[in-house]
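Before any comments, here is the structure.
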Amino acid sequence: MKTTRIPLLLCALLAAGAAVAEDAKDAEAQPQGDDVLIATVNGTPYGLDLFRLFFLERLQQSQGQNSPELQEQAFNDFMSLVVASQEAARRSLEQDPDVGVAIELQRMKILSNAALASMAEEIEPTEDELKKAYEEVKENASQTEYKARHILVKDEEEAKKMIEELEGGADFGDLAREHSLGPTGKNGGELEWFDANQMVAPFSEAVAAMEVGSYTKTPVQTQFGWHVIELQDSRKAEPPSFEDAKQQLMALLKRQKLSAKLAEMRDGAMVELNEEVVKLKPTDDAAAKGSE
C-alpha cells in the first residue's frame, strides 16, 4: 500500500474543521465538501470527515496538545485501522455473534450520545432557575479555605517518626523535601489554597479540626498513604459572582434537567421483561400480601 504524507497544516486544521490555509500549497488543491476523500485503500474510498473524527479523538486524548508527531502518528494509526477492518471484513467477522453484539453496543452508545447532545441543546434554564441554583450552591459551598502543607509516606510508623522529628525541632519543609512521596514534596509539601470539598474526607476533616500553626499529632490515613499535615493559614472563601458562575450553573442545570428527562423516558417506556432472565424485586405491597 502506498500513501503520501498528509500536509501537516491540513492535519492541524482538521481539529477545528476549518478551511485549508491559502499558503498550504499541497492542500490548496483539496476539494471541500462532504465527499472529500482522504485516501483510497485497496480500492475502498475513505472520507476526510472520517479521519477528522478519528483525529479529534486523538487530540482529546492528548489534552489538545497538537504537534506534527501526533498528526503523523494519528494518520499511521488510522491507516492501520483501515487495513485491519478490511481484514475483518475479508474474514466475515461481522457474522461472529460476539462481534455483532459489540458493534450494536457501540452503535447504541453513539446514537445515545447524539440524542443527549440534541436534547441538551433544547434545554434553556430560566434566569430565575439560574439564580435559585446560585443561591443553593452558595449555601452549600464550604465557607472556609485552607493553606497547608503535608508529608506523605507509605506507612504509619514512618509518619510517626516524622512527627517525632517535628517535635524535636526539625523543619517541616525540609522533612517534606526529603521524605514526602507526593508531587508537592519537592516544594516542601506546600499545597495551594483549597476548601474541604477538594480533598479526600480524612484529610479535609483533619484540617478542619486544626488550629493555624499546628501540625497533626497523629498520622492521617487516606487512600494515598499516611499524612502529617501542618495548617499554615485559613480564610473565608468568597464565592464567585453570579455572572462569573453563570456558565457553570447553566451546565449544571442542563445536566440535572437532562437526567430528569431520561428518568421520565425510562419510567414511561413500554418494557416487557423476560422474567426467566430478569428477576424482579417484589414491591412492599406485594411482599405484604405474600406474608398474609
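Starting with the highest mean, order 152-160, 217-225, 36-44 by the number of other Cβ atoms within 10 Å, averaged over the residues of each peptide.
Descending packing order for the listed peptides: 152-160, 217-225, 36-44.
Please compute the length gained on full extension between Asp171 and Leu56, using 0.36 nm multiplied by the number of residues separating them and subtracting their Cα-Cα distance.
36.5 nm
Sorted from fewest to most neighbouring beta carbons within 10 Å, what does the list Arg177, Arg149 look like?
Least crowded to most crowded, the residues run Arg177, Arg149.
Net charge around Met265, counting only other residues with Cβ within less than 15 Å of its Cβ (Lys, Arg = +1; Asp, Glu = -1)?
0
If you average the C-alpha positions of segment 101-119 and of segment 137-179 separately, how far apart do those two centres end up, in angstrom?
46
Of the listed pairs Lys138/Lys257; Lys236/Lys261; Lys147/Lys186, which have alpha-carbon separations greater than 29 Å here?
Check vs 29 Å cut-off fails for Lys236/Lys261.
If you add up the charges near Ser241, with Lys and Arg at +1 and Asp and Glu at -1, over every other residue whose beta carbon is less than 14 angstrom from its beta carbon, what do you get?
-1
Along each of the three principal axes of the Cα atoms of segment 42-115, give the extent in whole Å, ordering the values from largest to smallest.
Projected onto the principal axes, the Cα atoms of segment 42-115 cover 40, 35, 19 Å.
With labels modelled as points extended 7 Å from the Cα through the Cβ direction, what inter-label distance (nm, one decimal) is found for Glu238 paired with Leu273?
Each label point lies 7 Å from its Cα, and together they span 5.4 nm.
If Lys and Arg each add +1 and Asp and Glu each add -1, what is the summed charge of the other residues whose beta carbon sits under 11 Å from the beta carbon of Met250?
In short, +1.
Quick note: the coordinates plus some simple rules give every number you see, no bench work behind them. Please read all numbers here as calculations on a predicted model, not as lab measurements. Neighbour counts are summed over all protein chains in view; Cβ atoms, including those assigned to glycine, are modelled from backbone coordinates with ideal geometry.
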